[in-house]
1. Taking θ = phi - 60°, what integer Hz values does the Karplus form 6.51 cos²θ - 1.76 cosθ + 1.60 yield along segment 255-269, in sequence order, with x for Gly and Pro?
2. Over segment 102-176, calculate the relative contact order: mean separation of alpha carbon pairs under 8 Å at least 6 apart, over the residue count, as a percent.
3. Pairing the Cα long axis of helix 199-218 with the longest principal axis of the chain, what angle in degrees results, from 0 to 90 and rounded to the nearest 10?
4. Please turn the phi angles of segment 220-236 into ³J(HN,Hα) values with the Karplus equation 6.51 cos²θ - 1.76 cosθ + 1.60 (θ = phi - 60°), one per residue in order, whole Hz, x for glycine and proline.
5. Looking at segment 100-249 from every direction and averaging, what is the projected area of its Cα convex hull in nm²?
6. Using each residue's phi in segment 155-165, evaluate 6.51 cos²θ - 1.76 cosθ + 1.60 at θ = phi - 60° and report the 3J(HN,Hα) Karplus result to the nearest Hz, with x for Gly and Pro.
7. Using every alpha carbon pair in segment 160-287, what percent of pairs falls into each 5 Å bin from 0 up to the bin containing the largest distance?
8. What does the extension gain come out to for Glu247 and Glu40, with contour length at 0.36 nm per residue minus their alpha carbon separation?
Amino acid sequence: MPELPEVETIRRQLAPRVTGRRIVDAQVLDPLWCAPRLPEEVEEDLRGEPIVALGRRGKYLLLELADERFLVMHLRMTGNLLWTAAEDDAEPRPHLRVRLVLDDDHRLLFVDQRRFGTGLVIDGREALDRYIGERLGPEPLDPSFTPDVLRALAAGRRAPVKAFLLDQRRVAGVGNIYADEALFRAQIHPLRPAGRLKRAEIERLHTAIVETLQAGIAKQGSSIDDYLDSNGERGSMQDEFLIHLREGQPCVRCGRPVTKLRAAGRGTYVCRRCQPVPRPRRTASRA
Ligand SMILES: [Zn+2]
């Protein structure tokens, strides 16, 4: 599933290519993409629109159109947003859900095998802010995301820190891969309750989140399943994983074999020496 680094890679590739262009045709081939709105309505909204900017919040891509209208796209599990020349769009393409034809004859193709990806047109910046605000916490690569902000978000949370990191309303954009990598870097066990992390641990975790996401962007994201960038190329972050998917292999820090467990319902990779297991909670009186 694309996480922040994958979506940001796509944004950085596409922004210079699509900004200032115009959408001359829009074809929504899969009604599920924009449900409950009808494909014809969304096509109508998009056709003829200029592309003012391409932004991102968390895992959402924000294609800004005229008059502060936005096409808000989410790739979910298997979505890819490809930029192709017209001649590469001549053959039928499996899993193609949406085609946007630009005025330079390039196309933006939303390709998505499992069809969980979505597109939604939002009218006005206030409505956009409200939509995003209801779904996402702070943007981890924004300078306003400080250790104090992270500490305030974690305060009182009894959820395991891995589940806390996966909750997009706490920290936006972190998913299963980068949560594992950040917790390993910070030497924190994924099952520790988020609200019980000490100040020094929160500071380590903050640094680790930022460094992990930046490393992912520098490697153009991770391709362990369907993720491709906008050129249809694989990222290479999967070759740099410190802990994720390394079950049985020696820990890069201490050499002990990496173990796999389940946290927040997801396969989770830890080094039990570098990330000490949480102490069992003191049980209340049994009387
Ligand atoms: Zn280790």
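The values are calculated or read from the model by the stated rules, or taken from the named source; none is laboratory data. Predicted model only: the values in this text are computed from it and were never measured. Cβ: placed from backbone, ideal geometry, glycine included. Neighbour counts: every protein chain shown. Surface accessibility is based on the protein's heavy atoms, side chains included, excluding ligands, DNA and RNA. Shrake-Rupley method; radii C 1.70, N 1.55, O 1.52, S 1.80 Å.
1. x, 5, x, 6, 10, 10, 9, 10, 9, 6, x, 10, x, 9, 10
2. 31
3. Value to nearest ten degrees: 40.
4. The phi angles translate into 6, x, 10, 10, 9, 9, 9, 5, 10, 6, 6, 8, x, 9, 7, x, 10 Hz.
5. Values: hull surface 45.6 nm².
Directional mean of the projected Cα hull area for segment 100-249 stands at 11.4 nm².
6. Running phi through 6.51 cos²θ - 1.76 cosθ + 1.60 with θ = phi - 60° gives 3, x, 7, 8, 4, x, 4, 5, 5, 4, 5 Hz.
7. All Cα pairs, binned at 5 Å, distribute as 2, 11, 20, 22, 20, 12, 6, 3, 2, 1, 1, 0, 0 percent.
8. Gain in length upon complete extension: 69.7 nm.
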